[in-house]
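Note sheet for the following structure.
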Amino acid sequence: MVPLPGNGQDAFASLPRALRTWAGEGPGEKPEEQQEVPASVQRFLADENAMQTARNSPALGSVDPGSFDAIFLPGGHGPMWDAANDETLARILGSMFNQSKVVAAVCHGSAGLVKAKVQDGRPVVDGRRVSAFTNSEEEAVGLTRVVPFLLEDRLKELGGRFERGPDWPPFAVQDGNLITGQNPQSSDLVAQHVLTALRTGG
């Protein structure tokens, strides 16, 4: 789920198309992690247009990445298993990054970046400021022995210049067209950075 800024029910409809299309494994409702739901997500869940789009998401391989200005990878622990190993997603991310389009992720969504490469074959995150769910936050939720790898460590291994704030408060960084946030609380902040980047062209 992508928490959207704004208070009106029409907030979803006013967003650029890049933020109004979901793609994943195919149609059908996606499982949601059970946790406290912030106000922005409550607004999203109450927006029937947004929910209808989410329920009818196309398969990732069926969309044309060239028709989008941005891609936003939401979090939850699921991406540590699926997005981190999705070659189609890696290809799309690399292609969009090479075209200087906005590539954004929050929390464990940054796992989708680990296989993505730029044109010369280097990881997308190599030499870039990047953030994601931290080792200490993973430890705090008791899942360091459950996840297949620690995301902070993996991003550093790939050459990412990992940045973080304290555990749990919102924190996000932007390095060119790459925008990443640390934890679930950073979702709004990352979305705001994406909207600003789309409006200003970078």
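The values are calculated or read from the model by the stated rules, or taken from the named source; none is laboratory data. For clarity, every value in this text was computed on a predicted model and none was experimentally measured. Here the Cβ positions follow ideal geometry from the backbone for every residue, glycine too, while neighbour counts run over all protein chains shown. Accessible surface is based on the protein model in full, side chains and every heavy atom, while ligands, DNA and RNA are left aside. Shrake-Rupley method; radii C 1.70, N 1.55, O 1.52, S 1.80 Å.
Would you check which residues across the stretch 174-190 are open to solvent by less than 20 Å² (accessible area, probe 1.4 Å) and modelled with pLDDT of 95 or more and list them? First the steps, then the outcome.
So the first thing to find is which residues in the stretch 174-190 are open to solvent by less than 20 Å² (accessible area, probe 1.4 Å), and the list is 178-183, 186-187, 190.
If the condition is that a residue be open to solvent by less than 20 Å² (accessible area, probe 1.4 Å) and modelled with pLDDT of 95 or more, then LEU178, ILE179, THR180, GLY181, GLN182, ASN183, SER186, VAL190 are the ones that fit.
Picking from residues in the stretch 102-129 that are touching a helix residue (DSSP H, G or I) at 6+ places or on another chain (Cβ under 8 Å) and among the charged types (D, E, K, R), the one that is least open to solvent (accessible area, probe 1.4 Å) is LYS115. So which residues in the stretch 45-83 are touching a His at 6+ places or on another chain (Cβ under 9 Å) and either assigned to a helix (DSSP H, G or I) or open to solvent by 60 Å² or more (accessible area, probe 1.4 Å) (or both), if there are any at all? Of everything in the stretch 45-83, those that are touching a His at 6+ places or on another chain (Cβ under 9 Å) and either assigned to a helix (DSSP H, G or I) or open to solvent by 60 Å² or more (accessible area, probe 1.4 Å) (or both) turn out to be GLY78, PRO79, MET80, ALA83.
One residue stands out among those in the stretch 42-92 that are more than 15 Å from the chain's Cα centre (by Cα) and among the β-branched types (Val, Ile, Thr): the one that is farthest from VAL102 (Cα to Cα), which is THR53.
Test each condition in (1) farther than 26 Å from PRO169 by Cβ; (2) among the acidic types (Asp, Glu); (3) outside any loop (DSSP other than H, G, I, E, B) for GLU152 and report the one that comes out false. That leaves (1) as the condition not met. Does PHE162 count as aromatic (Phe, Trp, Tyr) and within 25 Å of SER100 (Cα to Cα)? The answer is yes for PHE162.
Taking the numbered list (1) in a helix (DSSP H, G or I); (2) under 26 Å from VAL41 (Cβ atoms); (3) of a type outside the set (S, T, N, Q); (4) open to solvent by less than 40 Å² (accessible area, probe 1.4 Å) in turn, GLU139 passes all entries but (4). Among the candidates SER186, SER110, the residue that is part of a helix (DSSP H, G or I), farther than 22 Å from LEU89 by Cα and either in contact with a strand residue (DSSP E or B) (Cβ under 7 Å, 6 or more places away or on another chain) or touching a residue at least 60 places away in the same chain (Cβ under 8 Å) (or both) is uniquely SER186.
For the stretch 166-202, which positions are charged (D, E, K, R) and farther than 25 Å from ALA140 by Cβ? Full working, then the answer.
The initial filter retains those residues of the stretch 166-202 that are charged (D, E, K, R), namely 167, 175, 188, 199.
Listed by number, the residues that qualify are ASP175, ARG199.
For beta carbons closer than 6 Å, sequence separation of 6+ or different chains, a first residue in the stretch 84-101 that is closer than 27 Å to VAL147 by Cβ and touching a residue at least 60 places away in the same chain (Cβ under 8 Å) and a second that is aromatic (Phe, Trp, Tyr) and surrounded by 22 or more Cβ atoms within 10 Å (Cβ to Cβ), there are no qualifying pairs. Scanning the stretch 155-177 for residues that are aromatic (Phe, Trp, Tyr) and assigned to a loop (DSSP other than H, G, I, E, B), we see that the one that is farthest from VAL106 (Cα to Cα) is TRP168. Taking the stretch 193-202 as the range and being over 22 Å from ARG161 (Cβ atoms) and in a helix (DSSP H, G or I) as the test, the residues that pass are LEU195, LEU198, ARG199, THR200.
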